[in-house]
Amino acid sequence: MPNLASAKKYVKVTARRTAENRAKKLVYRKSIKDFLIAIKEGKLVEAKKLFIATQKALDKAVKSGVIKKNTAARRKSRLSRKLAK
């Protein structure tokens, strides 16, 4: 438990940032999951649209610092290979 007033304020800031990061992480994870489900069901037209949305979500996560640039690149690469199959 923090003792100083500034430390107490920082606890609130950390909680807010954590909540924001979790929400952003949830967005790109959900888009990846939707994309993989569409591929598994064989809906290629829908999968192509979801792939673009997934790329966008990953890029936004990188921009806000939730994940690193190479992590997003690796995931996009793997998803594009699944789409190509």
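The values are calculated or read from the model by the stated rules, or taken from the named source; none is laboratory data. Note that the structure is predicted; figures quoted are calculated from it, not measured. Backbone-built Cβ (ideal geometry, glycine too); neighbour counts: all protein chains shown.
A quick yes/no check of all residues on (1) of a type in the set (Gly, Ala, Ser); (2) on the phi > 0 side of the Ramachandran plot; (3) part of a helix (DSSP H, G or I); (4) at pLDDT below 95:
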| site | (1), (2), (3), (4) |
| --- | --- |
| ASN3 | no, no, no, yes |
| ALA7 | yes, no, yes, yes |
| GLY65 | yes, yes, no, yes |
| LYS82 | no, no, yes, yes |
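Give the range 32-47 a look and list any residue that's of a type outside the set (Phe, Trp, Tyr) and touching a helix residue (DSSP H, G or I) at 6+ places or on another chain (Cβ under 7 Å), or say none. Correct list: ILE32, ASP34, ALA38, ILE39, GLU46, ALA47. Residues that are part of a helix (DSSP H, G or I), more than 14 Å from the chain's Cα centre (by Cα) and surrounded by 12 or more Cβ atoms within 10 Å (Cβ to Cβ): does the range 48-61 have at least one? Yes, the range 48-61 contains a residue that is part of a helix (DSSP H, G or I), more than 14 Å from the chain's Cα centre (by Cα) and surrounded by 12 or more Cβ atoms within 10 Å (Cβ to Cβ). When each of LYS24, LYS43 is tested for being modelled with pLDDT under 95, more than 9 Å from the chain's Cα centre (by Cα) and of a type in the set (Lys, Arg), the lone residue that passes is LYS43.
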